[in-house]
Amino acid sequence: MTSPLFSRAILSPRMEADIQFMRVAVEEARAGAAAGEVPIGALVVHDGRILARSANRTIRDCDPTAHAEIIVIREAARLLNNYRMAGTTLYVTLEPCSMCAGAIIQARIPRLVYGADDPKSGAVRSCFEILTNATLNHQVEAIPGVLAAECASILQTFFAARR
């Protein structure tokens, strides 16, 4: 009989941190859903500290570019006083679209952690592979699937309620 202690995967400290930060992004997504926005949450972390966190605000701001990723990138760059965001990690509940992937490249964010894949417009690996395109001057380490089922469930529940 296998002991429960040994049957669970041992997570690295980095993966444990990724899960904890993704839980914060999930909170943001839930807040977005409560506000009637497409429930996607994001945050930027630098040196283990959350610099910015947000949900989508496209409806509230009447701005098609007000995706959660864009909002947190703008705020984190302001706080860092630098449009280059070395040493940061972007956490987002859904695979970024091409607009957000482009912003990640422009900001030189070195690391992305996201939850659910987006088969309709994902620009990391589902529809496009922008972040690892060898012709660009910056590539991003992407870690997909962190809390993927929970992230997908938030979106499914949101859209099911609107059908």
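List, please: which pairs have Cβ atoms under 8 Å, are six or more places apart or on different chains, and start with a residue in segment 16-30 that is in contact (Cβ under 8 Å) with a residue 24 or more places away in the chain and more than 10 Å from VAL92 (Cβ to Cβ) and end with one that is of a type in the set (Gly, Ala, Ser) and open to solvent by 30 Å² or more (accessible area, probe 1.4 Å)?
ALA17/GLY48
Looking for something touching a residue at least 60 places away in the same chain (Cβ under 8 Å) and among the polar types (S, T, N, Q) - is there at least one such residue anywhere in segment 93-110?
There is at least one residue in segment 93-110 that is touching a residue at least 60 places away in the same chain (Cβ under 8 Å) and among the polar types (S, T, N, Q).
Taking GLU95, is it of a type in the set (Asp, Glu) and either touching a helix residue (DSSP H, G or I) at 6+ places or on another chain (Cβ under 8 Å) or over 14 Å from PRO39 (Cα atoms) (or both)?
Taking the combined requirement at face value, the residue does not satisfy it.
Only residues that are open to solvent by 40 Å² or more (accessible area, probe 1.4 Å), acidic (Asp, Glu) and over 23 Å from HIS46 (Cα atoms): list them for segment 105-163, please.
ASP117, GLU129, GLU150
Which of the residues spanning segment 50-103 are in a helix (DSSP H, G or I), open to solvent by less than 20 Å² (accessible area, probe 1.4 Å) and within 15 Å of ASP118 (Cβ to Cβ)?
ALA68, GLU69, CYS100, ALA101, listed by residue number.
Could you tell me whether VAL26 is touching a helix residue (DSSP H, G or I) at 6+ places or on another chain (Cβ under 7 Å) and assigned to a strand (DSSP E or B)?
When the stated conditions are applied, VAL26 does not pass them.
Can you work out which of the residues in segment 13-43 that are farther than 23 Å from PHE159 by Cα and open to solvent by 60 Å² or more (accessible area, probe 1.4 Å) is modelled with the highest pLDDT?
Among those that are farther than 23 Å from PHE159 by Cα and open to solvent by 60 Å² or more (accessible area, probe 1.4 Å), it is GLN20.
The values are calculated or read from the model by the stated rules, or taken from the named source; none is laboratory data. Everything quoted here is computed from the prediction, not taken from an experiment. Glycine gets a Cβ as well: all are built from the backbone with ideal geometry, and neighbour counts include every protein chain shown. Surface accessibility is based on the protein's heavy atoms, side chains included, excluding ligands, DNA and RNA. Shrake-Rupley method; radii C 1.70, N 1.55, O 1.52, S 1.80 Å.
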